[in-house]
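Heads up: the structure comes next, in structure tokens.
What follows draws every value from the coordinates through simple rules; no lab data is involved. If you're wondering where the values come from, they're calculated on a predicted model, not measured in any experiment. Because the Cβ atoms are built from the backbone with ideal geometry, glycine has one as well, and the counts that use them run over all protein chains shown.
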Amino acid sequence: MPRRTKLASLLELHLLDSFHLERADQVIQLPTRKSESLLAYLALNPESHAREKLASLFWGDSTDLSARTSLRTALAVLRKHLGDEAIIADRETLQINLACFSKIDALDFARALNLQNAQSRQAEIENLESAVALYRCDLLADFYDDWITAERERYRELYIGALLMLAQKMRTRSEYQRAIEYAARVLQIDPANERAHQHLMFCYQTTGKRSDALKQYEECKRMLAEELGVEPSRETQLLYESIRRAKDAPQSREAVLTNLPAPVTSFIGRERELSEVKRLFANTRLVTLTGAGGIGKTRLAKQIAFDSVNDFRDGAWFIEFVELNDAALVPHAVAKTMGVREASDESVEAVLIRALAPRHALMVFDSCEHLVDVCAQLCERLLSACPNLKILATSREVLGIQGETIWRVPPLKLPEGMTSADRANFLMQYDAVRLFVDRATFASSSFDLNDQNAPAVMQICQRLDGIPLALELAAARIKTMSVEQIADKLDDRFRLLTGGSRTAMPRYQTLRALIDWSHDLLSEDERILFRRLSVFWGGWTLEAAEQVCSEQALVNGNADTQYRLPSVLDLLTRLVDKSLVLMDEFKVSRAFVFWRRFASMRATN
């Protein structure tokens, strides 16, 4: 391997727009267009290439001997101007040495589009924005070699795809003006791009520019006819009709007024929950999905909103509070999502109420537990002033306001034991097993539930209590472990279950972080009771909790101290409200197994 060149000698190569090569701010002019084209090809395809293939590609109209001679001449030119180390070659093959380049803009563009290394949703957006900033113009816009045409089209499609993805992400974040800007850039280079027209129609309508939305449809219709000789698709026509308030109900996600993020994984089970919550909405206007962390509240809420969106004339809207830490910003987040412009002479709440009063819409308030007081107040005021508005909230703690219907999200259905000779098929009727198998297959396409590994899968699902996030974290381990190994290591689940999505919030990436988040939201008295309850295995009566937990010796360094809790009943009620303790027919309280283990670990730390 050639040694790495010194930093001062690194080259920069720009291929997006005209060919440009420099070192240390000094432009390098290659003597022929053919040598520029060869360098560009090697840079865009940095793997090893057979000399014979390159000679044929660039000098195919010459004899084999003449073509190989021309290739040697071109390589000599490149080495003279770039340095001997810039090209790695032997008698049969050659390739570019990327270590000699500090920048190749086309490769940097493609690398920025690779979101696999993104650490958060914000990082995904930053990668996309970095990519589109690099794309100054089409690849080698003034070159006409045959091989460049296909490459140029590929990079243009990548660029358009990045702009459309940014437009969609800005829609999801309710940043409609930025979505408009990205969609408009698509139409500058592809005037007949129907998806970009859809984005513009949606964003204009949402920001109150109804006439602009209708004009955009006419422009879309005209460009499709001129460029492609076709009519707008059914979903674009339905979006147009929904903007005009026609009776035809939109049938696709692109054709409805919603910022709901598209699901990237399948929704498993929950048929009863879906049916019951939809039934509740027939008689109430506020439903709060509550339950322990990782139980699947957000995923269930999204599915309910997706299924119900056509029931609301003004759409369904997803307002996410998971990354919001300032309670004062809650009304601003709602206004931003709903496309409501704030006024300098009115409170945000007043502007919201005036704008939302005539709307027939569903709003999803997601992850309210750390902002529960202000979320509760805002829900109460909006529902009181906006008669056609309905709210679906998700929170580990109930909102506690009048008119609230509480639905505690249960774990996924679990198998109780093997009762069939065909064990694999028997287990697949249970939602917890179906979820584990589905996510395990994502992690490793070779995974398959069979009669041999079925007992281990059943053990995993049972010991993780059917908690969706815990099952997904366990399934991610399939890449490096067998299901039998995963089951064996569940005694140390806090070390085992750490493989969450890189783009998820940190508290959803590991089981320990998930539980830390809930524990940190407790008051000191609640934490003490939670730790003391860890002495019970499985369940307890109220009387037992009051007798055991009201006063207990605690270790503080080397000294024993006594701490008497206030009313155990009141504290226990608050733990139930915050989904850290479950009530069984109002007689016995029990915590999920991993919550109990965590409380015990906290008590001994």
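Starting from 0.36 nm per residue, how many nanometres of slack lie between residue 219 and residue 133 once their C-alpha separation is accounted for? If you can, show how the numbers build up before the last one.
Working: separation 86, 0.36 × 86 = 30.96 nm, distance 2.71 nm.
My answer for the length gained is 28.2 nm.
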Packing-ranked peptide list from 193-206, 296-309, 41-54, 94-107, highest mean Cβ count within 10 angstrom first, is 193-206, 296-309, 94-107, 41-54
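Among 353-363, 430-440, what's the highest-first ranking by average C-beta atoms within 10 angstrom per residue? Mind showing how you got there, number by number?
Numbers: 353-363: 17.7, 430-440: 23.4.
So the peptides 353-363, 430-440, ranked by packing, come out 430-440, 353-363.
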Residues whose built amide H sits under 5 Å from the amide H of residue 364, excluding neighbours closer than 5 in sequence, are 317, 318, 319, 392
If each part is reduced to its alpha-carbon centroid, the range 122-187 and the range 358-437 end up apart, in Å, by 37 Å
Taking 0.36 nm per residue of separation between residue 80 and residue 65 and subtracting their Cα-Cα distance, the length gained on full extension comes to 3.1 nm
Of the listed pairs 336/390; 209/336; 297/479; 215/302; 169/278, those with alpha carbons more than 21 Å apart are 297/479; 215/302; 169/278
Length-normalised contact order of the range 271-408, Cα under 8 Å, at least 6 apart, in percent, tallies to 38 percent
Ordering 523-536, 458-471 by per-residue average of other C-beta atoms within 10 angstrom, highest first, gives 458-471, 523-536
For the range 450-466, Karplus-derived ³J(HN,Hα) couplings (6.51, -1.76, 1.60; θ = phi - 60°; whole Hz; x for glycine and proline) come out as 9, 5, 6, 9, 4, x, 5, 4, 4, 5, 4, 5, 5, 6, 9, 6, x
In the neighbourhood of residue 54 defined by beta carbon distances under 13 Å, the net charge of the other residues (Lys, Arg +1; Asp, Glu -1) is 0
A chain fully extended from residue 441 to residue 524 at 0.36 nm per residue, minus the present Cα-Cα distance, gains in nm 25.6 nm
In order over the range 362-367: 3J(HN,Hα) from phi, Karplus 6.51/-1.76/1.60, θ = phi - 60°, whole Hz, x for each Gly or Pro, gives 10, 10, 9, 9, 9, 6
Scoring only Lys, Arg, Asp and Glu (+1, +1, -1, -1) among other residues with Cβ under 13 Å from the Cβ of residue 17 yields 0
For residue 276 and residue 154, extending 7 Å from Cα along the Cα-Cβ vector and measuring point to point gives, in nm, a value of 5.3 nm
On the formula 1/(1 + (r/R0)^6), with r taken between the Cβ atoms of residue 313 and residue 10 and R0 of 56 Å, the FRET efficiency rounded to 0.05 is 0.40
